[in-house]
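Engineer: Got a structure for you, written out below as structure tokens; questions coming shortly.
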Amino acid sequence: MTGETFKKAAVIGWPIKHSKSPLIHGYWLKQFAIDGSYQAIGLSPDDFVSGIRDLVARDYRGCNVTIPHKETALAMADYVSDTAKAIGAANTLVFKDGKIYADNTDGIGFINNLKQGAPQWNASSGPALVLGAGGAARAIIYALLQEGAPKVIVANRTAEKAKRLASAFGEKVVAITLAKVPEVVGDVQTLVNTTSLGMVGQPALQIDISGLPKTALVTDIVYNPLTTELLKQAQGLGLETVDGLGMLLHQAVPGFEAWFGVRPVVNTTLRQIVIAG
């Protein structure tokens, strides 16, 4: 059946062929027998705004937005959530009555992945250390503070970028260089890699985490490979770890619910489908 009951959504990026989002949403559409579609659409930066307006005109319910369009998506929206405003980027757009609503679900996706993968984890148990100072780091710092982290240390190769990011969040967030990490890990309870280091095709993340407390949790937003060298190092130290795939899966939940009217659950079957895909 097509027409008003057929619900359309998409993921927009440039490039977009690598996106796992169609696998995720495709699985849920099938699971709930929903009359709808979710496709990957490549739009260059020059075509992004007109392309989004075209989707609105064609009765799409909304879309996910990935690199390099997250800031532009935020800027063009009619309504922006407090979360997206604080993070300075949007990854989820909902179209309603010709208006564009922008949100950012990266942070909540990150938190819900940790809660599922490590049920005992609690952000308030001690300081968090975030490696990297890009867009993902910003979303994760915001989410950690919302969850009650007493302090967040941002470590980046260049101190200036880390300082700029820290200054956006106030006194609970401090900046250091990556070289200083061994000096601060002693009381860190949550360590997060938000850089692309350790990803397939990227250099390894060279970092010594041997000083972490035995109660610390280590997570990596890289999910290819699923078990990065950082996670292997943490496991070798007997620390609890959570891989990065779940963040990708959990960040997709709010958008699917907004577009298709059902709140899906991240399960083992979905993980296996995305890993295989």
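The values are calculated or read from the model by the stated rules, or taken from the named source; none is laboratory data. Treat the numbers as computed from the prediction; the structure is a model and nothing was measured. Cβ coordinates were reconstructed from backbone atoms using ideal geometry, including for glycine residues, and neighbour counts include every protein chain displayed.
Engineer: Hey, GLY148 hits all of (1) surrounded by fewer than 24 Cβ atoms within 10 Å (Cβ to Cβ); (2) in a helix (DSSP H, G or I) but one; which does it fall short on?
Structural biologist: Failing condition for GLY148: (2).
Engineer: If only one of TYR79, TYR38 is aromatic (Phe, Trp, Tyr) and surrounded by 14 or more Cβ atoms within 10 Å (Cβ to Cβ), which one is it?
Structural biologist: TYR38
Engineer: Whether any residue in the stretch 141-163 is basic (Lys, Arg) and closer than 23 Å to VAL65 by Cα is what I want to check.
Structural biologist: Here is the first cut: in the stretch 141-163, the ones basic (Lys, Arg) are 151, 157, 161, 163.
Filter again for closer than 23 Å to VAL65 by Cα, leaving none.
No, the stretch 141-163 has no match at all.
Engineer: Here is a follow-up. Which one of these is part of a helix (DSSP H, G or I) and either buried (at least 20 other Cβ atoms within 10 Å of the Cβ) or in the same structural domain as LEU237 (by TED's automatic domain parsing) (or both): ALA179, ALA175?
Structural biologist: After applying the criteria, what remains is ALA179.
Engineer: Within the bounds of the stretch 255-268, is there any residue that is on the phi > 0 side of the Ramachandran plot, in contact with an Asp or Glu (Cβ under 6 Å, 6 or more places away or on another chain) and part of a loop (DSSP other than H, G, I, E, B)?
Structural biologist: no
Engineer: Name the single residue that is farthest from ASN224 (Cα to Cα) among those in the stretch 266-277 being of a type outside the set (S, T, N, Q) and surrounded by 12 or more Cβ atoms within 10 Å (Cβ to Cβ). First the steps, then the outcome.
Structural biologist: Restricting attention to the stretch 266-277, the residues satisfying the condition of being of a type outside the set (S, T, N, Q) are 266, 270-271, 273-277.
Of the ones still in play, those that are also surrounded by 12 or more Cβ atoms within 10 Å (Cβ to Cβ) are 266, 270-271, 273-275.
On the way: VAL266: 19, LEU270: 16, ARG271: 13, ILE273: 14, VAL274: 11, ILE275: 9 Å.
For the stretch 266-277, the residue satisfying everything is VAL266.
Engineer: Give THR194, THR215 a once-over and let me know the one that is over 16 Å from GLN116 (Cα atoms), surrounded by fewer than 20 Cβ atoms within 10 Å (Cβ to Cβ) and at pLDDT 95 or above.
Structural biologist: Of THR194, THR215, the one residue that is over 16 Å from GLN116 (Cα atoms), surrounded by fewer than 20 Cβ atoms within 10 Å (Cβ to Cβ) and at pLDDT 95 or above is THR215.
Matching residues to (1) crowded, with 16+ Cβ neighbours inside 10 Å; (2) assigned by TED's automatic domain parsing to the domain that holds ASP220; (3) assigned to a loop (DSSP other than H, G, I, E, B):
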| site | (1), (2), (3) |
| --- | --- |
| VAL94 | yes, no, no |
| ALA133 | yes, yes, yes |
| TYR142 | yes, yes, no |
| ALA162 | yes, yes, no |
| PHE169 | yes, yes, yes |
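Engineer: Let me ask another. Taking the condition touching a helix residue (DSSP H, G or I) at 6+ places or on another chain (Cβ under 7 Å), among the polar types (S, T, N, Q) and over 30 Å from PRO22 (Cβ atoms), does THR190 pass?
Structural biologist: yes
Engineer: In addition: Between a residue in the stretch 237-250 that is in contact (Cβ under 8 Å) with a residue 24 or more places away in the chain and any residue that is part of a loop (DSSP other than H, G, I, E, B) and surrounded by fewer than 18 Cβ atoms within 10 Å (Cβ to Cβ), which pairs come within a Cβ distance under 6 Å, given they are 6 or more apart or on different chains?
Structural biologist: GLU240/ALA118; VAL242/ALA118; ASP243/LEU226
Engineer: May I ask you to verify whether ALA234 is within 21 Å of the chain's Cα centre (by Cα) and modelled with pLDDT of 95 or more?
Structural biologist: When the stated conditions are applied, ALA234 does not pass them.
Engineer: Of the conditions (1) surrounded by fewer than 19 Cβ atoms within 10 Å (Cβ to Cβ); (2) touching a strand residue (DSSP E or B) at 6+ places or on another chain (Cβ under 6 Å); (3) of a type in the set (A, V, I, L, M), ALA9 fails just one. Which one is it?
Structural biologist: The number of the failed condition is (1).
Engineer: Could I ask something else about it? Taking VAL65, is it under 21 Å from ASN224 (Cβ atoms) and of a type in the set (A, V, I, L, M, F, W, C)? Spell out how you get there, then give the answer.
Structural biologist: On the way: under 21 Å from ASN224 (Cβ atoms): yes; of a type in the set (A, V, I, L, M, F, W, C): yes.
Here the answer is yes, as VAL65 does meet what is asked.
Engineer: Further question: How many residues are of a type in the set (Asp, Glu) and assigned to a helix (DSSP H, G or I) if we restrict to the stretch 55-92? Even if it seems obvious, please write down each step before you answer.
Structural biologist: Residues of the stretch 55-92 that are of a type in the set (Asp, Glu), as a first pass: 59, 71, 78, 82.
Checking the rest, the ones that are also assigned to a helix (DSSP H, G or I) come to 71, 82.
Of the residues in that region, 2 qualify.
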